[in-house]
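Below is one structure, written out as C-alpha cells; the observations come after it.
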Amino acid sequence: MPPPVIVVGGTGFYGRYLVADLLRYTSADVVVVARRPARPAFTDPRVRTVAADHADVPALRRLAAGAAALVHCAGPYQTLPLGPAVAAIEAGVPYVDLAEDGPFRQAVLERAGTATAPVLTGASVVPGLQVIAVRDLAEGFDRVDEIRCAAAPDTRRHRGPAMFEAMLRGVGVPFDAPRGGRAVRVHGWSEGEWVPFPPPVGRRLVHQVYAMADLTELAARFGAGTISFKAGTEHAWLNRLLGAAATVRARTGRPRRAERFTAPVRAMSWLAGRFGDEAGGFLVEVAGHRDGRPVRRALGMTAARDGGRMPSLLAGIAVEEILAGRLSAPGEVPLDGWLPPPRAWAALTARGIDLWRDDAYPSAWEPAGHW
C-alpha cells in the first residue's frame, strides 16, 4: 500500500478543499489530523481521520513516519506552534504549509537546514503564488518597480474561525510597507481602492491587509520599491465597515484584542454570504522597465465556483510534484524555483481556474476615498 499524505487541519475551510484536491488529482490515501474531528468528516474510503493536537510533536511524528508528505493547513499561523513542521522534519518526510505569515515562515525555514526531505512553506496565494506570477510577468524586465496584488474571495462559502481571527488581529494594526522605495507606516485594512478583476468577479473594493510574508519575500526576490496586497469581499458596505473599524483602532488602539469579536464578525459574514456568490479571483500587476521603457503587465485568475479554494491549490500542486518525484531535494524549497510558471498555470487550468493575461495592462485601480 503506498504511503498516505498527512493533512493537519484537514477538517478546516482550506483543509477540506485540499483533501478534495488530493482525492481528485492524486491516488494517495489521506490521513486527516484534527483536534476535534467532525464525525463523519469525510465519506471517501481513502480518507482516515485521527485526533491530535497541533502542538503534540511526538504524536504528529508518529503519524508522519513513513508518510508521503505532511501538509499543514491549520491556522491562524500567527499564533500556532511549529508542531507539524517540527514533526515532519524530524520524521524525514516532505513538509508543505499554507502559511501567509512572515514570522511563522521564517521560523520554519530556520529548521529546514536539518531537513532530509523538502520543506515548502508559504504554498498559498501569499507568498507562493505571488512569487510564481511575478516571476512570469517580470520576464525580461531590466528592473521591477512596483508589485500590486489583490484578492477577491468568494462570500458564499462560510470560513472557519481561524481566518477571521487572523484578519481581526491585523485590523488597524500598524506596519511598514514599501512605497516608492521607502518604508511607509500603514495599518491593516486601510488604503481602499476599486480594482477591476476579470469576469465573473468584476469591480471590487479592496483594502490593504495586514503585515504578511509578501512584503519581505517580493522585495528580496524582485527588488520592487512598492509592494501591496489587498483584499475585499463583494459587499462594499462590509469592506467599508471593516475599514472604518480599522481607522478607529489605528487612532485609539482599541479594541486591544480585536480577535475577541471573531464570533460576531463571522456571523455577520455568514449572513452577508447568503446574498453573495461563489466567484473568486486573484490579480497580480507588475510595473517596471524593459530596454529602458516603462512596462506594465497583469495576470488574473478567476474561479466561477468555489472561489475560496484558491489559497489551497498550490499546496495540492506541491503534493502532486512530491508524489511524482519532481520535488525531492532536501531542505528549503525556494518559492521561485520549484514550479515553472507554465506548469503552474497548466495545473491551475486543470483545476478549473481561468487565467487572464494582459501585457499592456492599463492600471485602473481607483482610490476609494474616505469612509
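The values are calculated or read from the model by the stated rules, or taken from the named source; none is laboratory data. If you're wondering where the values come from, they're calculated on a predicted model, not measured in any experiment. Glycine also receives a Cβ, built like all others from the backbone with ideal geometry; neighbour counts cover every protein chain displayed. For the accessible areas, the whole protein counts, side chains as well, though only heavy atoms, and no ligand, DNA or RNA atoms are used. Shrake-Rupley method; radii C 1.70, N 1.55, O 1.52, S 1.80 Å.
A few notes on this one:
- Residues of segment 165-203 that turn out to be at pLDDT 80 or above and under 25 Å from Gly102 (Cβ atoms), as a count: 24
- Residue check for Ala162: of a type in the set (Gly, Ala, Ser) and either modelled with pLDDT under 90 or assigned to a loop (DSSP other than H, G, I, E, B) (or both): yes
- One residue alone among Ala166, Ala99, Ala138, Ala117 is buried (at least 23 other Cβ atoms within 10 Å of the Cβ) and in contact (Cβ under 8 Å) with a residue 40 or more places away in the chain, and that residue is Ala99.
- Any hit, segment 332-343, residues being in contact with a Ser or Thr (Cβ under 9 Å, 6 or more places away or on another chain), at pLDDT 95 or above and either open to solvent by 50 Å² or more (accessible area, probe 1.4 Å) or under 30 Å from Leu241 (Cα atoms) (or both): yes
- So Pro362, is it open to solvent by 40 Å² or more (accessible area, probe 1.4 Å) and modelled with pLDDT of 95 or more: no
- For segment 23-49, the set of residues classified as surrounded by 13 or more Cβ atoms within 10 Å (Cβ to Cβ) and hydrophobic (A, V, I, L, M, F, W, C) consists of Leu23, Ala28, Val30, Val31, Val32, Val33, Ala34, Ala41, Phe42, Val47, listed by residue number.
- Residue check, Val131 among the β-branched types (Val, Ile, Thr) and either in contact with a strand residue (DSSP E or B) (Cβ under 8 Å, 6 or more places away or on another chain) or part of a strand (DSSP E or B) (or both): no
- A search for C-beta distances below 6 Å between a residue of segment 216-240 that is in contact (Cβ under 8 Å) with a residue 40 or more places away in the chain and any residue that is of a type in the set (Lys, Arg), counting only pairs 6+ apart in sequence or on different chains, returns Thr226/Arg179; Ser228/Arg148; Gly232/Arg204.
- Ala211 vs. criteria under 22 Å from Gly122 (Cβ atoms), touching a Phe, Trp or Tyr at 6+ places or on another chain (Cβ under 7 Å) and open to solvent by 10 Å² or more (accessible area, probe 1.4 Å): yes
- Inside segment 173-206, residues that are touching a helix residue (DSSP H, G or I) at 6+ places or on another chain (Cβ under 7 Å) and either farther than 17 Å from Val126 by Cβ or free of Cβ contacts under 8 Å to residues at least 40 places away in the same chain (or both) make up a count of 5.
- Odd one out for Gly276 among (1) within 22 Å of the chain's Cα centre (by Cα); (2) closer than 30 Å to Gly337 by Cα: (2)
- Every residue from segment 1-19 that is in contact with an Asp or Glu (Cβ under 9 Å, 6 or more places away or on another chain) and free of Cβ contacts under 8 Å to residues at least 40 places away in the same chain: Met1, Val19
- Filter result for the condition that a residue is under 16 Å from Val8 (Cα atoms) and open to solvent by less than 10 Å² (accessible area, probe 1.4 Å), over Ala91, Ala85, Ala133, Ala112: Ala85
- Count - residues of segment 1-11 that are surrounded by 24 or more Cβ atoms within 10 Å (Cβ to Cβ) and of a type outside the set (A, V, I, L, M): 2
- Strands (runs of 3 or more DSSP E) wholly inside segment 44-101 that include at least 3 residues being over 17 Å from Ser124 (Cα atoms): 47-51
- Flag if Glu191 is closer than 20 Å to Asn239 by Cβ, open to solvent by 20 Å² or more (accessible area, probe 1.4 Å) and assigned to a strand (DSSP E or B): yes
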